[in-house]
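To keep things clear, I will list the structure first and then write my remarks on it.
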Amino acid sequence: MTAKELPKIYDPKKVEDKIYKIWEESGFFNPDNLDLPENSPSYSIVLPPPNVTGTLHMGHAAMMVYQDILIRYKRMSGFRTLWIPGTDHAAIATQTKVEKILKEKGASRHSLGREKFLAEVNKFAQDSHDTIKNQTKKMGSSCDWSREAFTLDEIRNKAVNSVFKLMHEDELIYRGERVINWCPRCHSTLADDEVEHKNRETQLFTFRYWKDFPIPISTTRPETKLGDTAVAVNPKDERYKEFIGQEFLGNFCGIDLKIKIIADRNVEMDFGTGALGVTPAHSMIDWKMAKDNDLNIIKVIDEDGKIKEGFGEFAGLTAFEARKLVVEKIKQNSLLEKEENIQNAISVCYRCGTSIEPLPSLQWFIDVNKKTEKLNNKSIKETCLEAVEKGVFDREKINIIPQRFEKNYFQWMNNLEDWCISRQIWYGHRIPVWYKGEEISLEDKSNDASWERDSDTLDTWFSSGMWTFSTLAQSLDEIKIENGKLVIDSNDFKSFHPTSVLETGYDILFFWVARMIIMTTYAINDIPFQDVYLHGLVLDENGKKMSKSLGNVLDPLDMIEKFGTDAVRLSLFIGSTPGNDTRINEEKIENYRNFVNKLWNISRFVTSKIGDGATEAKIEEKNLTFADKWIIDKIKNLITEVTLDLEKYNFSLAGEKLQEFTKNDFADWYLEVAKFETNTAEKNIILGKILEDILKLWHPFIPFITEEIWSNLSKEKLLLIENWPALENWNEITAKDYDSKDNVFEKTQTIITAIRNLRAENKIEPTKKLKTIIYAGDDFEKIKNEEILIKNLRTGVSELIIEKSGEKPAEALYAIASGVEIYLINEIDKDAERKRISAELENLKKYTANLNQRLSNKEFTKKAPAQIVAQEKERLAKAQSDILEMEKYLEKL
RNA sequence: GGACGAUUAGCUCAGUUGGUUAGAGCACUUCUCUUACAAAGAAGGGGUCACUGGUUCGAGUCCAGUAUCGUCCACCA
């Protein structure tokens with residue numbers, strides 16, 4: 001196809017779906033179909049599975065871009081490259097969402113029953129999954145759909161059940177009673193990090209349990225005081241020292257209490273009265289104090305957030321109602337000493353925002369401190385710390401990028417407590433434990449009616465923690481337990497585990513990344529991934545988190561519709577650095593759309609110029625012009641830099657360098673030169689080769705347009721599987737010595753000499769750097785008359801000399817490219833000129849003073865690298881001669 | 001209370017082991033319909049690199065402290 005047939009404006013809508021279909025049908029997203037030598041290295045990424053709760057947002061889009069860049073780059077570099085897509089059932093999130101929908105229809109999960117409700121959820125999840133899959137494709141993600149996985153499908157379920165069983169056998173999983181975070185709305189436990197803290201104003205009440213009780217206490221939750229069994233004070237507190245160890249009996253609001261005075265370092269003397277009423281059943285730290293001091297544990301509030309039976313008139317009231325009543329009673333009995341408003345951080349459910357209620361409850365836990373043979377007699381915690389610190393199981397340490405997050409990881413892991421893995425919701429992996437009276441079975445008793453299965457499900461992170469290896473099994477029988485160990489018996493597992501890199505947002509470092517390290521090191525005695533690349537969050541233009549309630553959400557699909565996927569991709573990774581948040585707005589995307597279009601037009605121009613078959617000829621080095629050699633040097637440099645940047649995860653830098661080359665070096669300079677220079681066979685080859693190379697280099701970043709242009713070049717192979725550009729391709733051309741030997745350069749020397757002569761005659765001003773000089777030759781008269789026009793030709797020309805001698809205007813460009821200073825002949829406004837020159841002279845003098853000072857410093861000449869010293873000397877000499885010239889010029893003025 | 005980050009042009013941000021007189025995009029000013037591209041091109045203005053010290057021949061870059069903003073963790077009875 002020739003350039004004329006191609007539209008001036010690139011239309012992504014006509015191209016993207018078509019191209020994605022071609023890729024998919026080619027089968028090359030699947031590494032099995034890549035034509036590679038036996039021993040090719042593998043490269044693998046698992047897609048952090050998006051929740052099946054709806055649609056993708058910009059954060060997802062960003063994540064897919066980074067991963068697709070890596071995957072496409074590695075695929076082109078000859079790796080056996082696998083990117084596994086999937087979705088996460090996101091237990092609580094999904095169930096909450098469906099319950100909300102049901103509520104609008106006047107139903108609830110309880111009215112439907114477990115089976116029907118799960119059918120509803122599954123239907124919702126399926127719809128959501130389809131949307132997500134479609135959106136992922138729209139982003140251009142080159143993942144292998146034949147290996148798609150779901151955290152709740154049959155295969156993953158088998159992996160989950162197997163690991164649960166193994167952990168139970170190793171006594172790493174236990175069932176126990178502990179105060180857990182209970183969400184009365186979701187009716188489920190929450191892990192510690194699923195609880196959010198929000199500052200709210202609450203009332204703090206100070207009172208005594210009864211009249212002659214010696215110590216007043218302060219609390220924001222008077223209703224829980226019905227279950228108090230102790231009062232804790234700081235052991236250093238002089239006020240209460242005498243009471244420590246004593247026990248008091250009395251009646252509080254109609255309830256008999258036995259209160260022991262205990263000492264605990266965690267009690268702050270300055271807060272309230274410095275004495276804390278200990279309610280072991282409804283507070284985490286109180287629970288710990290109770291364990292330490294062997295206190296009774298009295299449960300006051302039930303799972304519905306209501307006061308339990310046995311608390312007189314309070315029974316059946318909600319916690320809030322009970323609080324009002326208790327306060328009323330305290331006032332009636334004139335026990336209240338103080339009532340004040342304080343800012344208090346309360347715990348709320350990260351899903352629904354309901355205040356969480358700490359409750360003692362029978363739950364399943366993973367013991368993170370118990371040493372186990374499977375981990376070489378280390379605990380889960382120790383192994384996970386080592387994995388990132390120095391490496392485990394003969395693997396190098398896991399690298400977290402940016403590295404500063406390693407510190408966060410250690411801090412979190414060091415403080416890790418036993419992980420509560422059971423959830424009282426229905427949607428999820430049901431706990432594989434059966435009960436019959438006191439008996440417990442880990443064997444499947446589904447067919448035996450005398451056994452009853454645990455009604456709870458597993459924390460969603462239990463299954464997503466196994467994501468890197470559970471996705472590498474493609475059938476149930478590839479998951480086995482052999483000699484008490486989990487084995488994934490598949491070729492995929494052998495080739496692709498551990499995965500090369502985990503790319504995700506820093507916000508789920510603890511939720512997910514840490515959980516993956518926990519589950520993988522235990523289950524298969526290996527690390528899940530070698531590198532972790534953490535990207536920042538995508539924020540709106542004001543630096544706020546995008547959220548539906550704020551109405552500041554940019555929908556990736558809308559943006560794709562408007563500007564094309566490639567533009568959206570560019571806007572997401574250029575200008576953002578690892579671990580740092582990035583802002584995005586429509587204008588930014590529009591800007592990159594313009595760049596994408598530029599690339600389109602570059603290719604139109606090049607293809608029209610080189611025509612067909614031109615690239616077959618051989619390059620004769622002696623025929624190369626200065627510009628040719630210059631651009632070859634640039635592209636070689638570019639290939640090296642971009643490759644290095646990609647290896648170092650410097651996506652943004654790579655993108656910027658590519659943009660710089662494409663726009664400034666290639667389009668604005670070389671193509672402009674090419675317009676003037678004769679069309680040699682060499683020039684056509686170079687134009688063609690450079691176009692090909694930049695298409696390849698750009699492909700991982702903007703796959704659609706590059707593939708489309710590639711197809712217009714009538715290539716046999718898809719760009720998708722082309723070889724990454726290598727320097728060797730350019731080795732036949734050595735461009736290094738172009739500035740001294742080349743005959744074109746000699747010509748420019750002549751020009752310079754001529755200019756120097758003119759300068760000596762004071763016909764030109766000596767300071768202003770000119771952008772070009774045009775030797776018009778026979779066209780002199782014509783061009784002279786059209787000076788304005790020429791100035792604005794896209795040649796970088798703003799000021800110019802027009803001389804009759806010389807041959808081709810293009811020589812001017814050689815001069816510029818070789819860094820020659822060229823000067824302007826002009827009628828000069830002497831006053832203005834004097835002013836300007838004086839100012840410049842002053843600047844230059846400052847500069848030389850600066851240099852002089854540095855050079856006269858003995859320490860500098862002694863200690864600075866010789867190279868730097870020489871460089872500075874050179875600069876000084878040049879500056880000095882410039883000053884002399886300028887002074888002379890000023891005099892003459 | 002603990003940890004981490006940010007502070008560079010009007011705005012959004014780069015600046016990789018310390019080394020020219022600190023960069024880009026957008027915005028702004030001026031010019032140009034020009035045979036790849038007006039979704040374009042050319043030229044130009046604009047910065048005490050938050051502040052204070054220190055290390056160094058040399059600091060936007062390294063160290064210490066201060067201020068402001070932000071994020072996370074823990075606690076808040």
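The values are calculated or read from the model by the stated rules, or taken from the named source; none is laboratory data. Predicted model, so just to flag it, every value in this text is computed and none were measured. All Cβ positions, even for glycine, are placed from backbone atoms using ideal geometry, and neighbour counts span all protein chains on display.
Quick grid of which residues meet (1) over 18 Å from the mean Cα position of the chain (by Cα); (2) crowded, with 20+ Cβ neighbours inside 10 Å; (3) at pLDDT 90 or above; (4) not β-branched (Val, Ile, Thr):
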{"site": "A:GLN530", "(1), (2), (3), (4)": "no, no, yes, yes"}
{"site": "A:LEU537", "(1), (2), (3), (4)": "no, no, no, yes"}
{"site": "A:LYS548", "(1), (2), (3), (4)": "yes, no, no, yes"}
{"site": "A:GLY564", "(1), (2), (3), (4)": "yes, yes, yes, yes"}
{"site": "A:ASN580", "(1), (2), (3), (4)": "no, no, no, yes"}
{"site": "A:LYS609", "(1), (2), (3), (4)": "yes, no, no, yes"}
{"site": "A:ASP612", "(1), (2), (3), (4)": "yes, no, no, yes"}
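Within the option set A:LEU6, A:LEU56, A:LEU34, being away from RNA strand B (no atom under 14 Å from the Cβ) and modelled with pLDDT under 90 holds for one residue only, A:LEU56. For first residues located in region A:399-412 and free of Cβ contacts under 8 Å to residues at least 60 places away in the same chain, partners that are part of a strand (DSSP E or B) and surrounded by 12 or more Cβ atoms within 10 Å (Cβ to Cβ) and lie 6+ apart or on another chain with Cβ distances below 6 Å form the pairs A:GLU406/A:ILE400. Criterion applied to A:ILE584, A:ILE524, A:ILE589 was being in contact (Cβ under 8 Å) with a residue 60 or more places away in the chain and surrounded by 15 or more Cβ atoms within 10 Å (Cβ to Cβ), and the one residue passing it is A:ILE584. When region A:230-239 is filtered for residues that are part of a loop (DSSP other than H, G, I, E, B) and within 12 Å of RNA strand B (Cβ to nearest atom), the ones remaining, listed by number, are A:ASN234, A:ASP237. Tell me yes or no: at least one residue of region A:628-645 is surrounded by fewer than 21 Cβ atoms within 10 Å (Cβ to Cβ), on the phi > 0 side of the Ramachandran plot and within 9 Å of RNA strand B (Cβ to nearest atom). Among the residues of region A:628-645, not one is surrounded by fewer than 21 Cβ atoms within 10 Å (Cβ to Cβ), on the phi > 0 side of the Ramachandran plot and within 9 Å of RNA strand B (Cβ to nearest atom), which makes the answer no. When A:THR468, A:THR457 are checked against the criterion of being over 25 Å from A:LYS485 (Cβ atoms), more than 16 Å from RNA strand B (Cβ to nearest atom), crowded, with 18+ Cβ neighbours inside 10 Å and modelled with pLDDT of 90 or more, A:THR457 stands alone in meeting it. A:PRO700 satisfies every condition listed in (1) crowded, with 21+ Cβ neighbours inside 10 Å; (2) within 23 Å of A:LYS622 (Cα to Cα) except (2). When A:ILE255, A:ILE244, A:ILE217, A:ILE261 are checked against the criterion of being surrounded by 23 or more Cβ atoms within 10 Å (Cβ to Cβ) and either hydrophobic (A, V, I, L, M, F, W, C) or at pLDDT below 80 (or both), A:ILE217 stands alone in meeting it.
Could we say that A:LYS494 is among the charged types (D, E, K, R) and under 16 Å from A:ALA523 (Cα atoms) here? Spelling it out, A:LYS494 is indeed among the charged types (D, E, K, R) and under 16 Å from A:ALA523 (Cα atoms). Just checking, does region A:161-169 include any residue being touching a residue at least 24 places away in the same chain (Cβ under 8 Å), away from RNA strand B (no atom under 16 Å from the Cβ), part of a loop (DSSP other than H, G, I, E, B) and farther than 30 Å from A:ILE702 by Cα? Checked region A:161-169: no residue is touching a residue at least 24 places away in the same chain (Cβ under 8 Å), away from RNA strand B (no atom under 16 Å from the Cβ), part of a loop (DSSP other than H, G, I, E, B) and farther than 30 Å from A:ILE702 by Cα. The residue of region A:865-882 that is nearest to RNA strand B (Cβ to nearest atom), among those that are of a type in the set (A, V, I, L, M) and crowded, with 16+ Cβ neighbours inside 10 Å, is A:ALA879. Filtered by the rule that a residue be touching a Leu at 6+ places or on another chain (Cβ under 8 Å), within 10 Å of RNA strand B (Cβ to nearest atom) and either over 20 Å from A:THR220 (Cα atoms) or not in a loop (DSSP other than H, G, I, E, B) (or both), region A:265-285 gives A:VAL278, A:HIS282.
Put simply, of A:GLU406, A:GLU452 the only residue that is within 15 Å of RNA strand B (Cβ to nearest atom) and either under 18 Å from A:ARG175 (Cα atoms) or out of contact with any Ser or Thr (no Cβ under 7 Å at 6 or more places or on another chain) (or both) is A:GLU406.
Taking A:ARG515 as meeting all but one of (1) more than 13 Å from the chain's Cα centre (by Cα); (2) at negative phi; (3) surrounded by fewer than 18 Cβ atoms within 10 Å (Cβ to Cβ), write down the number of the exception. With (1) more than 13 Å from the chain's Cα centre (by Cα); (2) at negative phi; (3) surrounded by fewer than 18 Cβ atoms within 10 Å (Cβ to Cβ) applied to A:ARG515, the lone miss is (3). The set of residues in region A:409-434 that are away from RNA strand B (no atom under 16 Å from the Cβ) and outside any loop (DSSP other than H, G, I, E, B) comprises A:SER422, A:ARG423, A:ARG430, A:TRP434.
Among the residues of region A:537-581, just one is touching a Ser or Thr at 6+ places or on another chain (Cβ under 9 Å), near RNA strand B (Cβ under 8 Å from one of its atoms) and free of Cβ contacts under 8 Å to residues at least 60 places away in the same chain, namely A:LEU539.
When we screen A:ILE71, A:ILE45 for residues that are crowded, with 23+ Cβ neighbours inside 10 Å, outside any helix (DSSP H, G or I) and either of a type outside the set (A, V, I, L, M) or touching a residue at least 60 places away in the same chain (Cβ under 8 Å) (or both), the only hit is A:ILE45.
Okay, residues lined up against (1) within 12 Å of RNA strand B (Cβ to nearest atom); (2) assigned to a strand (DSSP E or B):
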| site | (1), (2) |
| --- | --- |
| A:LEU152 | no, no |
| A:ILE155 | no, no |
| A:LYS158 | no, no |
| A:GLU171 | no, no |
| A:GLU177 | no, yes |
| A:ARG185 | no, no |
| A:THR189 | no, yes |
| A:LYS198 | yes, yes |
| A:GLN203 | yes, yes |
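Working only within region A:648-663, note down all residues that are within 11 Å of RNA strand B (Cβ to nearest atom), assigned to a helix (DSSP H, G or I) and without any contact (Cβ under 8 Å) to a residue 40 or more places away in the chain. Within region A:648-663, A:LEU653, A:LYS657, A:GLU660 meet the criteria.
Scanning region A:240-254 for residues that are hydrophobic (A, V, I, L, M, F, W, C) and within 15 Å of RNA strand B (Cβ to nearest atom) yields a single hit, A:PHE252.
Of all residues in region A:206-229, those being assigned to a strand (DSSP E or B) and either within 8 Å of RNA strand B (Cβ to nearest atom) or out of contact with any Ser or Thr (no Cβ under 9 Å at 6 or more places or on another chain) (or both) number 3. Would it be correct to say that A:GLU339 is within 15 Å of A:THR224 (Cα to Cα) and either in contact with a strand residue (DSSP E or B) (Cβ under 6 Å, 6 or more places away or on another chain) or among the small types (Gly, Ala, Ser) (or both)? Here the answer is no, as A:GLU339 does not meet what is asked.
Among the residues of region A:669-726, those that are among the acidic types (Asp, Glu), away from RNA strand B (no atom under 16 Å from the Cβ) and over 22 Å from A:LEU646 (Cβ atoms) comprise A:GLU682, A:GLU716. Name the residues in region A:113-143 that are surrounded by 17 or more Cβ atoms within 10 Å (Cβ to Cβ), of a type in the set (A, V, I, L, M, F, W, C) and part of a helix (DSSP H, G or I), would you? Within region A:113-143, A:PHE117, A:LEU118, A:VAL121, A:PHE124, A:ALA125, A:ILE132 qualify. Yes or no: A:ILE285 touching a residue at least 60 places away in the same chain (Cβ under 8 Å) and among the β-branched types (Val, Ile, Thr)? No, not satisfied. Checking each residue in region A:270-285 for being closer than 17 Å to A:PHE207 by Cα and touching a strand residue (DSSP E or B) at 6+ places or on another chain (Cβ under 8 Å) picks out A:PHE271, A:GLY272, A:THR273, A:GLY274, A:ALA275, A:LEU276, A:GLY277, A:VAL278.
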